[in-house]
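Below you'll find the structure, written out as structure tokens, and then a few comments.
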Amino acid sequence: MTNQPSSNPQSAIRNPKSALPHHVLITGGAGYIGSLLTGVLLQRGYAVTVVDDLLFGGESLLAYFSHPNFTFVKGDVCDPLVLEKIRNAQFAIRKSITAIVHLAAIVGFPACQAVGKPVAWRYNVEAVKRVFDLAETLRTERFIFSSTYSNYGLAEDGKPVTEASPLNPQSLYAETKIAAEEWLLSAARTSECAPLVFRFATLYGVSPRTRFDLIVNQFVLEALTRRELIIYQRGYSRSFVHVRDVVEGILLGLEAPEGKIRGQVYNLGSDGGNYTKDGIVALVKKHVDGLKVTHKDLSFGGDMRDITVSFAKIQRDLAFTPKLTVEDGVIEVRDALQTGLIKDATDSRYRNAQFIVQ
């Protein structure tokens, strides 16, 4: 069935008519994860509504714009009027929103530090409450929240951190995510909507809106453009996961029985993604010729994570098995840059750290 144009040419909502078994709302759907998740969900027969303020542009959604089961709402999830548009979008396609994947946020400690605590708190905590309240109002079945393994900070005993490990935030970004998690997990005890928290490892790989302010992608870009990497905190351990594997994990969260996801926290990644920075550099050197590496010491009041993460719970409960390795990601990003599929990768639109609030 073809799309019908909106009676209001200034309307921010596409107005397709469709009847599908599942309708997922993605906040921040034009971003790194959301733009890829949108395409996968549409391919698998879901109806998808995306809400995004398009701070970094909307090109990542253009391939889906004419899809009969895609709806777009332009705006900021902190704006009550935008939440009303979402309600209207639900009625427009005549199918209730069955799940919300909340990705909209000020992502990363540099961006949070840049805007300051009040603004970071408004976007990363208060907006979560607003969108979850909307989920309750719309009788949405489940709410998937994107959090971060940054919440663990520094592991005191050096052992892999699990979902039960103490949280030791080293940044404002982690503080906001922990606050939002605590609110959602408290709401899970009485809410009709079932919240689920995913603590993502550090992402890498190509999506319709690739980011180059993430370690693996950034290192590959700098290796190709500068032929030199300057490495700080070389011995620090981090955990990494491909953006496509994150999308598959979210799909498991959408489709698993409610009893497995209500009020649950899952680290999303794999044991094979635990690397030191030196390990990542070795992979980049393997696939980019002529690379010079310089090591420097640096201490600063920021995100000083040094942890290994356990992913046993998500493997056990949701049978999550990543398909892509960090080396796969290094090769993928290198090839996308070398072939020109991604141009002007140093532009600020590829970096969430450039977040600006007017």
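What follows draws every value from the coordinates through simple rules; no lab data is involved. Keep in mind that this is a model prediction, so the values were computed, not measured. Cβ atoms come from the backbone with ideal geometry, glycine included; neighbour counts cover every protein chain shown.
Mind giving me the FRET efficiency for Thr190 and Leu341? R0 is 41 Å, r the Cβ-Cβ distance, nearest 0.05 is fine. It would help to have the intermediate numbers written out before the result.
Numbers: r = 48 Å, r/R0 = 1.17.
Calculated value: 0.30.
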**Study point:** In nm, spacing of pseudo-spin labels at Asp328 and Glu182 (7 Å Cα→C-beta vector)
**Key:** 3.7 nm
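Compute the Cα gyration tensor for the stretch 27-96, then decide on rounded, prolate or oblate, letting a ≥ b ≥ c be the square roots of its eigenvalues: rounded whenever a/c is under 1.5, prolate when a/b is larger than b/c in the other cases, and oblate in all that remain.
Numbers: a/c = 1.99, a/b = 1.09, b/c = 1.83.
In terms of gyration-tensor shape, oblate.
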**Study point:** Efficiency of FRET from Cβ geometry, Lys296 and Leu154, R₀ 25 Å, rounded to 0.05
**Key:** 0.75
Check your understanding: For the stretch 105-340, treating each Cα as an identical point scatterer without solvent, what Debye log10 I(q)/I(0) comes out at q = 0.09, 0.13 1/Å?
Key -> -0.39, -0.82
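What are the membrane-span-like helices in the chain by this rule: whole DSSP H runs, Cα extent along the axis at least 20 Å, mean Kyte-Doolittle hydropathy at least -0.5? Spell out each step's value before the answer.
Values: long enough: 172-187 (23 Å, 0.31).
The qualifying helices are 172-187.
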Review point. Looking at the chain, what % of its DSSP beta bridges pair antiparallel, to the nearest 5?
Key: 10 percent
Exercise for review: Name the residues whose placed amide hydrogens come within less than 5 Å of the amide hydrogen of Val101, ignoring near sequence neighbours (fewer than 5 apart) on the same chain.
Suggested key: Leu25, Ile26, Thr27, Ile144
Practice item. Quick one: net charge around Pro160, please, counting Lys, Arg +1 and Asp, Glu -1 for every other residue with C-beta under 12 Å from its C-beta. Key: -1
**Study point:** Added length on full extension, which subtracts the Cα-Cα distance from 0.36 nm per residue, Asn88 to Ile231
**Key:** 46.6 nm
Review point. Along each of its three principal axes, how wide is the spread of alpha-carbon positions in the stretch 28-178, in whole angstrom units, largest first?
Key: 52, 31, 31
Review point. Averaged over all directions, how much area does the convex hull of the C-alpha atoms of the stretch 101-177 cover when projected, in nm²?
Key: 5.7 nm²
Point to revise | Interchain or long-range residues, amide H under 5 Å from His295's placed H | key: Ile231
Exercise for review: Arrange the following residues from fewest to most other Cβ atoms within 10 Å of their Cβ: Asp213, Asp52.
Suggested key: Asp213, Asp52
Study note, to complete from the structure: Sequence order, the stretch 64-71: Karplus ³J(HN,Hα) from phi using 6.51 cos²θ - 1.76 cosθ + 1.60, θ = phi - 60°, Hz rounded, Gly and Pro as x, gives 9, 4, 9, 5, x, 10, 10, 10
Check your understanding: What lysines could a cross-link reach from Lys177, if we take a straight Cα to Cα line under 23 Å and drop same-chain neighbours fewer than 8 places away?
Key -> Lys117, Lys129, Lys159, Lys260, Lys313
**Study point:** Whichever lysines have a C-alpha closer than 16 Å to that of Lys285, once near sequence neighbours (fewer than 8 apart) are set aside
**Key:** Lys277
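Calculate, for Ala319 and Arg122, the FRET efficiency according to 1/(1 + (r/R0)^6) with r their C-beta to C-beta distance and R0 45 Å; round to the nearest 0.05.
Working: r = 37 Å, r/R0 = 0.82.
Efficiency at R0 = 45 Å is approximately 0.75.
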